[in-house]
Amino acid sequence: MPQVRVVTPVAAGSALVLRGTASKAVSVSGIEPESYFRIVDLSEKIVRGSARLSSSDVLIGTELASDLAVDVGDKLRLSAASGAVMVFNISGVFDLGNKGANERSVFLPLRGAQSLLGLSGQVTSLEVTVRDVYAAEEVAQRIAADTGVEADSWIKASAQFFSAISAQTTANRAIRFFVGLSVAFGIASVLVVVVVQKSREIGILRAMGISQGQVMRVFLLQGGLLACGGGLAGCAIGGLALVAWQQFARNADGTPLFPLSFDPMLYLVALLVATVTGLLAAYAPARRAARLDPVVAIRG
């Protein structure tokens, strides 16, 4: 399907982690790192060791490592309901940012999980990522209709979360619209005042042979420059605010509170929209200035 970007098989199930006399119930996920990491990049979550998953490797969470007093390089025994018991080498310790997930999640190579869980070459699910995350439910319904398998999207599984995101997106768009509208009225009001204050000068220029088009271009240029200058200042302030946020808004362990990325295209679009808004706002005052009667303007 053209909407689908990555598909990866997962063999998931429950198991017990055995470490000496201690045991802990965990959720085992057998994955193919090459494709799974394109959906969930565990390599970015590794705090110790590496995200290597060879046939005998296992990745565990920080809380589980702390509870069992194990670390990278130690051996870990896993026992499943099928009766299989297998020993793996801890190649990496990850932090998913959630204590419960760090306590329960264990990642194995796909074939190792299949052997442990007695799946014999089978998988329990296919993880899918789509090009447009907000079209996930539509793609899931199409997959279910075309294949007959059960397909759940993150939108359906996290309906409240999706509603919150939708409400936030709508609020953001409304805020941007009214900010743009206020900027347009601000520029227009400034130029209207300039037209009123400079009507005599405009009349003199018109009497000297300046055309209506030249007068309009002067005021359109002024509106565009005002908007472009404001856009450049806003982009600079926004960039500095992002840098300051990344420097000072941090978790207790020193990691960023949440990752922020600089998107040059976003700045370019914002600057373009600001400039166009300024030109549109300047049109009415520019037209009024161009239509001034030179005699009336000079007498006034």
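The values are calculated or read from the model by the stated rules, or taken from the named source; none is laboratory data. A quick note: this is a predicted structure, and the numbers were derived from the prediction, not measured. We place every Cβ from the backbone using ideal geometry, glycine too, and count neighbours over all the protein chains shown. With ligands, DNA and RNA removed, areas are computed over all heavy atoms of the protein, side chains included. Shrake-Rupley method; radii C 1.70, N 1.55, O 1.52, S 1.80 Å.
Taking the range 69-87 as the search range and keeping residues that are closer than 16 Å to residue 22 by Cβ and under 35 Å from the mean Cα position of the chain (by Cα), which one is surrounded by the most Cβ atoms within 10 Å (Cβ to Cβ)?
70
Output the residues belonging to the range 230-260 that are of a type outside the set (Val, Ile, Thr) and assigned to a loop (DSSP other than H, G, I, E, B).
249, 251, 252, 253, 254, 257, 258, 259, 260, listed by residue number.
Considering each residue of the range 83-100, count those that are small (Gly, Ala, Ser) and at pLDDT below 90, and give that number.
Summing the residues that are small (Gly, Ala, Ser) and at pLDDT below 90 in the range 83-100 gives 4.
Considering every residue within the range 159-168, establish whether at least one is open to solvent by 80 Å² or more (accessible area, probe 1.4 Å) and either in contact with a strand residue (DSSP E or B) (Cβ under 7 Å, 6 or more places away or on another chain) or in contact (Cβ under 8 Å) with a residue 12 or more places away in the chain (or both).
Scanning the range 159-168, I find no residue that is open to solvent by 80 Å² or more (accessible area, probe 1.4 Å) and either in contact with a strand residue (DSSP E or B) (Cβ under 7 Å, 6 or more places away or on another chain) or in contact (Cβ under 8 Å) with a residue 12 or more places away in the chain (or both), so the answer is no.
Which one of 55, 43, 14, 66 is under 35 Å from the mean Cα position of the chain (by Cα), outside any strand (DSSP E or B) and more than 30 Å from residue 251 (Cα to Cα)?
After ruling out the rest, the residue left standing is 55.
Would you mention how many residues in the range 138-158 are assigned to a helix (DSSP H, G or I) and open to solvent by 70 Å² or more (accessible area, probe 1.4 Å)?
Qualifying residue count, the range 138-158: 9.
Which pairs do you get when a residue that is over 18 Å from residue 53 (Cβ atoms), found in the range 72-97, comes within reach of a residue that is of a type in the set (D, E, K, R) and in a strand (DSSP E or B), reach meaning Cβ atoms under 9 angstrom, with the pair 6+ apart or on two chains?
Sorted first by the residue in the range 72-97, then by its partner, the pairs are 85/77.
Here are some residues: 210, 175, 143, 187. Which one is under 30 Å from residue 2 (Cβ atoms) and of a type outside the set (Gly, Ala, Ser)?
Of the residues listed, the single one that is under 30 Å from residue 2 (Cβ atoms) and of a type outside the set (Gly, Ala, Ser) is 143.
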